[in-house]
Amino acid sequence: MTKPPIGGNRTGRKLGQKVKKGKLKASSRRWIERHINDPYVQRAQLEGYRARAAFKLLEIDEKHKILSGAKRIIDLGAAPGSWSQIAAKVTNSTDAEPKVVAIDFLELDPLAGVHILQLDFLDPTAPEKLMTALGGTPDLVLSDMAAPTTGHRQTDHIRTMHLCEVAAYFAIDVLAEGGHFLAKTFQGGAERELLTLLKQNFKQVIHVKPAASRAESVEMFLLAKGFKGRKPGARSLYDSETEIDDRDMVDERDSVEAD
Ligand SMILES: C[S@@+](CC[C@H](N)C(=O)[O-])C[C@H]1O[C@@H](n2cnc3c(N)ncnc32)[C@H](O)[C@@H]1O
């Protein structure tokens, strides 16, 4: 059971630590203080995960059951690798027969059972390389990709939303029927066109904000469950305008944050 790590910690490190004023900029000091005092960071160290992000995936899975039964998983924007660690475990992936392929333009330390591609996902060769490395159809496409920040909020937003959109197209192109797609997005949610596309291709589309995602962060996740399969004539974003029906869109932001 994935519970938010409230209260005591078992790493032996005290919470509420301060970093001494010195040469560090105030913003850097605040970041370090937040990091060392973050119970999810401490719990990730304790449980052997490479990043606190592991708990975002585990919390989403606890509620929405997207990992169990997954036979092949693609992890987009995987560094440092905590989602891939989980993916390798649930698929019983081995180096001899990897069931998980991870991509990031940053270097990832080797991970048992994970085929790693160090490449920009937006590179035109990336989709084919991912699929060749996986050697079969994925039933789960994960994307925690976030564009490197420029400091300009709107630019950062647009660039990360673009990554989300490209990842969605990729998922629709490659997923097995019944498969799921989980992607990082930003508050304000995905563009209507993207939501429409996902709703046309998946049985359920949900915005989720797991407790492990910092409340002050604009980060959210878009979960599309139950891929309907590729059908001839399926619409895409480039098709002419479509009527939007948001009736079965569920927005869980409030309920999940309140957990
Ligand atoms: C929040 S981190 C992912 C953390 C990861 N889920 C984990 O559990 O360790 C986002 C990652 O997306 C990667 N990324 C952003 N844009 C990318 C792109 N165009 N192609 C590949 N990776 C990208 C970044 O390099 C970064 O490592």
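Within the range 135-173, the set of residues being under 15 Å from ALA78 (Cβ atoms) and among the β-branched types (Val, Ile, Thr) comprises just one member, VAL141.
Could you say which residue among ARG52, ARG29, ARG43, ARG72 is away from the ligand (no atom under 13 Å from the Cβ), under 12 Å from ALA212 (Cβ atoms) and basic (Lys, Arg)?
ARG43
Can you say whether ASP123 is touching a residue at least 24 places away in the same chain (Cβ under 8 Å) and either out of contact with any helix residue (DSSP H, G or I) (no Cβ under 9 Å at 6 or more places or on another chain) or within 11 Å of the ligand (Cβ to nearest atom) (or both), as far as the supplied structure shows? Spelling it out, it is not the case that ASP123 is touching a residue at least 24 places away in the same chain (Cβ under 8 Å) and either out of contact with any helix residue (DSSP H, G or I) (no Cβ under 9 Å at 6 or more places or on another chain) or within 11 Å of the ligand (Cβ to nearest atom) (or both).
Table: residues versus (1) in contact with a strand residue (DSSP E or B) (Cβ under 8 Å, 6 or more places away or on another chain); (2) assigned to a strand (DSSP E or B); (3) within 12 Å of the ligand (Cβ to nearest atom).
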position	(1), (2), (3)
ASN92	no, no, no
ALA102	yes, yes, yes
LEU106	yes, no, yes
ALA112	no, no, no
HIS115	yes, yes, no
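Each residue in the range 44-62 was checked for being part of a helix (DSSP H, G or I) and within 15 Å of the chain's Cα centre (by Cα), and 9 pass. Just so you know, in the range 62-85 the residues that are buried (at least 19 other Cβ atoms within 10 Å of the Cβ) and either of a type outside the set (A, V, I, L, M) or outside the structural domain of SER143 (by TED's automatic domain parsing) (or both) include one that is nearest to LEU140 (Cα to Cα), and it is ARG72.
Conditions (1) more than 16 Å from the ligand (Cβ to nearest atom); (2) within 25 Å of ALA96 (Cα to Cα), marked per residue:
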| residue | (1), (2) |
| --- | --- |
| THR132 | yes, yes |
| ASP139 | yes, yes |
| ALA147 | no, no |
| HIS162 | no, no |
| ALA183 | no, no |
| GLN200 | yes, no |
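The values are calculated or read from the model by the stated rules, or taken from the named source; none is laboratory data. Since this is a predicted model, take the numbers as computed values, not measurements. When we count neighbours, we look across all protein chains shown, and the Cβ atoms used for this are built from the backbone with ideal geometry, even at glycine.
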